[in-house]
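One structure is given here, and the rest of the page talks about it.
The values are calculated or read from the model by the stated rules, or taken from the named source; none is laboratory data. What you are looking at is a predicted structure, and each value in this text was computed from that prediction instead of being measured. All Cβ positions, even for glycine, are placed from backbone atoms using ideal geometry, and neighbour counts span all protein chains on display.
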Amino acid sequence: MNGKTKKRTSLPQLTKQLMAIDDRLAGCMHCGLCQAVCPVYGVTLKEADVSRGKIVLLENLAYELLKDADGVGEKLDRCLLCGSCRSNCPSGVDTVEIFLHARRLITDYRGLGKIKKTVFRFILPHPGLMSFFVAFSGRFQRFFRRKANKSMGTFEFPILRPFAGKRHFQPLATKSFSAEYGKINTSAGKSGIKVAFFPGCVPDKLFVRIAQASMKAFEKNGVGVFMPGSLVCCGIPNLVSGDYVSFKRLVKTNLGLLKKAEFDYLVSPCATCVSSIKENWFRYRDDFTDDERRQIEEIHGKAMDITAFLIDVLNVEFKTSGSETCKRRVTYHDSCHLKKTLGIYAQPRNILKNLSGLEFVEMPEADRCCGSGGSFTLTQHKLANQIGQRKRNCVVSINPDIVAAACPACMLQLMDMLSQNGDSVEVKHVVELYADSLGR
């Protein structure tokens, strides 16, 4: 066993957990169709990086864990959990669930690193701390940032290089969305609909403009909004890192905040949050109390991405301004969680194609992963850049003015890759472009 590995799970417990994984592995035919769609394999061409290779590793997991638990963890971490292999599997093998289970098992066995434990168990459960950090960083960021791409308005933060490499960012918000708005509880207007708004960490703390655009869309369409002032992370960073303890704690906190509220839908502009709430909360619902399980099942049926909510529920109408001689070219990147997990493809395109002043142009490989994967960009920075470069090339190949997405994490990756290449392409959320069309 590697000296850095700290054994946390007894062998009988390990055996029981391994048997649960074995039951899920049986469906894999090792056909290799996952190779064609795996963004990591597309860069490395290594069998160990594709789902089939990881499943072979998991079939010998007991031996491999005892021999080198850290090595197994490193191999499994070279996965974006984008779901491309799952959506392309002829046998319907739920590879995402398998890899989540395996990561949880490995974390239980060897323990969680100090940095992740601090973030997952002491920072994410306390949104006030995160808001304070945003305010503090936003106020003093000018002393630590360096202009990166003038046309895109991005910056590099040399102080973050040990963690984020030479990534390019937009300026940090000086105040989080939740700190600015506090608790929200407005009555339904002409729509007769009230939503619970789940902004997500990135729209709340970094891309505040996305949350603001969402509020404008609700207001203009007569939608009532409920938002507790202290919603916490949906738990997806914890879960993909195998820290089920803190994932469950975050879910319980959010359930408690939403428990007494009455709403028709739970809406978020973050595709990752929606997929986590609909898929992951629901997947592990039997691990909660009976009341919490029933609440999770109810929320499962109400959780919606904001683009789907605008099209499928509100049936929004679009304003036209007659003949337009000058239109800005806009293309769209399919976020993995949105298309491959939630099956949402047409709705964001419907919005973009109908907005006045825009000309929609489809990019090549629109649904290929951008390489973000949340913490993947930090732990696998070189791989994330190589995958992101392919996406960037697809974007610029059609010479757009704007590239739109419906996932803030994808937006961070797109902005970084375009900025690093010296491009001048705006990165916008679909709901931002829709809100812009509504006027003041």
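Okay, residues lined up against (1) at pLDDT below 95; (2) over 25 Å from SER131 (Cα atoms); (3) surrounded by fewer than 24 Cβ atoms within 10 Å (Cβ to Cβ); (4) touching a strand residue (DSSP E or B) at 6+ places or on another chain (Cβ under 8 Å):
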| position | (1), (2), (3), (4) |
| --- | --- |
| GLY235 | yes, no, no, no |
| LYS259 | yes, no, yes, no |
| CYS270 | no, no, no, no |
| VAL274 | no, no, no, yes |
| PHE282 | no, yes, yes, no |
| ILE306 | no, no, no, yes |
| PHE309 | no, yes, no, yes |
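Collect the residues in segment 119-140 that are within 20 Å of the chain's Cα centre (by Cα) and of a type in the set (Gly, Ala, Ser), keeping them in residue-number order.
SER131
Listed residues PHE318, PHE282; which is over 22 Å from GLY200 (Cα atoms), out of contact with any Cys (no Cβ under 8 Å at 6 or more places or on another chain) and in contact (Cβ under 8 Å) with a residue 12 or more places away in the chain?
Only one candidate qualifies: PHE318.
Could you list all residues from segment 399-415 that are over 12 Å from SER335 (Cβ atoms) and out of contact with any Ser or Thr (no Cβ under 8 Å at 6 or more places or on another chain)?
ASN399, ASP401
Where the second residue is surrounded by fewer than 16 Cβ atoms within 10 Å (Cβ to Cβ) and the first is part of a strand (DSSP E or B) and lies in segment 290-305, which pairs have Cβ atoms under 8 Å and are six or more apart or on separate chains?
Going by the 8 Å Cβ cut-off, the qualifying pairs are MET304/ASP312.
In segment 30-65, which residue that is among the aliphatic types (A, V, I, L, M) and modelled with pLDDT under 85 is farthest from ARG392 (Cα to Cα)?
ALA62
Among ARG349, ARG368, which is the only one that is over 16 Å from ARG86 (Cβ atoms), among the basic types (Lys, Arg) and not assigned by TED's automatic domain parsing to the domain that holds ALA271?
On inspection, the qualifying residue turns out to be ARG349.
Are any of the residues in segment 86-103 outside the structural domain of GLU74 (by TED's automatic domain parsing), in contact (Cβ under 8 Å) with a residue 24 or more places away in the chain, farther than 16 Å from LEU239 by Cα and surrounded by 20 or more Cβ atoms within 10 Å (Cβ to Cβ)?
no
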